[in-house]
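Asker: Can you read through this structure? Questions will come right after.
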Amino acid sequence: MAAPLTPAAPGRPLTYLDGLRGLAALVVVAHHFAGFFYPTLLSGNPGTAHLGAGVESVLARSPLNLLIGGNFAVCLFFVLSGLVLSENFWQAGRAEVLYSQACRRYVRLMLPVTVAAVVALLLWAADAYRNTELAAVTGAARFGEFWGPLPGLKQIVHDLAVGIPLSGESSYNPVFWTLTLELFGSFLVFALLALFGHLRHRPVIYAVAILLLSGSGLNFYYVGFILGVWLNDRRHQRGVQFPMAPGAATVLLLAAVVAGSYPSPDLLPVESSFYDWLRPAWVGVERAQQFWHLVGAVLLLLAVLRLPRLQRVLSSRGLRKLGAMSFSLYLLHFPVLGSFASTVFLRLYPHLSYHASAALTALATLPVLALTSYAMYRLVDKSGIRLAQWLYDRFFRPTPAG
């Protein structure tokens, strides 16, 4: 059982988690690039393959699909959020820090989201998206369905104010479905710690919360936030470590690869893959995917927490910078793929082979993503952090007693 909460001694900075978050954002980008240009890598459908000998179908059904495992990366984001958002509480041992975080969270998240939505809307209004024409060439029918008729002004205002932040409206940008989960999951973390963070038997509370979520109509992905809190709770307990035999962390990494590469059932029939044995008959296909991807995220973090060498790699300057820009990259990459990347490919393909066109499109798109993500990080994301802090200091900071 967990020990009573005591302020933790300052530990090693969690900079390596920034690097891990940056890599996860790259996986999401790779997932969507594959979806646009090599859809069989996601679906396993030989009818849309562009490589011979069934290579794409084999990769889609193998653990290598983790490299483009977008849903696994999203699950890793959720678990990381639970871990990182709980860090100040475990460090300080005071509930006041949760109040500060809760007051700042909405603005910190939603200012970049609103700007990204406006950017996507402007591209839409300018008729810059070429995903439908691209899908006719690449066979990516699912990715050709986005950005249909432009919504009216009343609908746009409603979506920007309510639909996107509170219900995950994703017609502007398909990645927006995760943002409501991120917002409400953050407040789940704050509430869980405020109510139960000082209790002795906290793991029982976490287990009960997970069971209640599993049996409720709420989204199962919220379990990821609780798992992140639990991981960081264990990390901060003095004298309590994750007991592991030599080499166990490597085994955890391998297990994370297997769990995290579980196919997404809306893309690839699980029954036709190696992973069918991981789903009992009484478990739905969607719940099995959510479960295994969350398990894979936890296993990966357990391994990272026990591998100092891997932590040093993830703490490298380049990966830390990538991690800092990861939210901006996550928000902007899909509209860039639907507009710029699609246009570049359609211009190249009449003159070059399919694979050369796709490769040059990737090379042209990467610097665009890097520049736009960096600009948004500097101008919007950091401004959102400062604005949230200013609003807290101006309107919400408690008056000192006495």
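Nothing in this text is a laboratory measurement; each read-out follows from the coordinates by a stated rule. Worth saying up front: this structure is predicted, and the values here are computed from it rather than measured. When we count neighbours, we look across all protein chains shown, and the Cβ atoms used for this are built from the backbone with ideal geometry, even at glycine.
Asker: Taking the mean number of other Cβ atoms within 10 Å as a proxy for protection, how do you rank 13-22, 391-400 from highest to lowest? Write out the running numbers ahead of the final one.
Answerer: Details: 13-22: 20.3, 391-400: 10.5.
Result, highest mean Cβ count within 10 Å first: 13-22, 391-400.
Asker: Give a residue-ordered list of calculated ³J(HN,Hα) values for the stretch 333-349 (Karplus: 6.51 cos²θ - 1.76 cosθ + 1.60, θ = phi - 60°; whole Hz; x for Gly, Pro).
Answerer: My calculation for the stretch 333-349 gives 5, 5, x, 5, 5, x, 10, 4, 4, 5, 5, 4, 4, 5, 6, 7, 4 Hz in order.
Asker: What is the sum of charges, Lys and Arg at +1 and Asp and Glu at -1, for the other residues whose Cβ falls under 11 Å from the Cβ of Arg104? Provide the component values of the computation, followed by the final result.
Answerer: Details: positive: Arg105, Arg108, Arg386, Arg397; negative: Asp393.
Cβ neighbours under 11 Å give a net charge of +3.
Asker: Sort 95-102, 260-267 by packing, meaning the average of other beta carbons within 10 Å per residue, with the highest value first. Walk me through the numbers on the way to the answer.
Answerer: Details: 95-102: 17.4, 260-267: 21.5.
Listed from highest to lowest mean packing, they are 260-267, 95-102.
Asker: Tell me the angle of helix 15-37 to the major Cα principal axis of the chain, expressed in degrees between 0 and 90 and rounded to the nearest ten.
Answerer: Once rounded, the angle reads 20 degrees.
Asker: Pairs of alpha-carbon atoms within less than 8 angstrom and 6+ residues apart define the contacts here; what relative contact order does the stretch 15-396 have, in percent? Can you show the working numbers first?
Answerer: On the way: 500 pairs, mean separation 113.7, N = 382.
Reported as a whole number, the value is 30 percent.
Asker: List, in order, the whole-Hz ³J(HN,Hα) value for each residue of the stretch 188-194 obtained from phi through the Karplus relation with A = 6.51, B = -1.76, C = 1.60 and θ = phi - 60°; use x for Gly and Pro.
Answerer: 4, 4, 4, 5, 4, 6, 5
Asker: Can you give me the Cα centroid spacing of the stretch 100-176 and the stretch 297-375 in angstrom?
Answerer: 19
Asker: Still on this structure: What ³J(HN,Hα) values, in whole Hz, does the Karplus curve 6.51 cos²θ - 1.76 cosθ + 1.60 give for the stretch 138-154 when θ = phi - 60°, with x put for Gly and Pro?
Answerer: In residue order, the calculated couplings are 8, x, 8, 4, 4, 8, x, 8, 7, 6, x, x, 5, x, x, 4, 4 Hz.
Asker: I've got another one for you. What number, in percent, do you get for the relative contact order of the stretch 274-402 if the mean sequence gap of Cα pairs under 8 Å and at least 6 apart is divided by its residue count? The partial results should precede the final answer.
Answerer: Values: 41 pairs, mean separation 29.4, N = 129.
Answer for the stretch 274-402 is 23 percent.
Asker: Which of Trp90, Trp277 comes first, and how do the rest follow, when ranked by fewest Cβ neighbours within 10 Å? Spell out each step's value before the answer.
Answerer: On the way: Trp90 22, Trp277 8.
Placing the least packed residue first, the sequence is Trp277, Trp90.
Asker: Apply the a/c threshold of 1.5 to the C-alpha gyration tensor of the stretch 15-396 and tell me whether it is rounded, prolate or oblate.
Answerer: Numbers: a/c = 1.73, a/b = 1.26, b/c = 1.37.
Oblate.
Asker: Rank by packing, highest mean first: peptides 163-169, 187-193, with packing defined as the count of other Cβ atoms within 10 Å averaged across residues. Write out the running numbers ahead of the final one.
Answerer: On the way: 163-169: 18.7, 187-193: 20.6.
Top of the packing list down: 187-193, 163-169.
Asker: While we're here: Looking at the stretch 118-205, which trypsin sites (Lys or Arg not before Pro) are in a loop (DSSP not H, G, I, E or B) and have at most 16 other Cβ atoms within 10 Å? Working shown, then result.
Answerer: Values: sites: Arg130, Arg142, Lys154, Arg200; in loops: Arg130, Arg200.
In loop regions of the stretch 118-205 (DSSP not H, G, I, E or B), the sparsely surrounded trypsin sites (Lys or Arg not before Pro) are Arg200.
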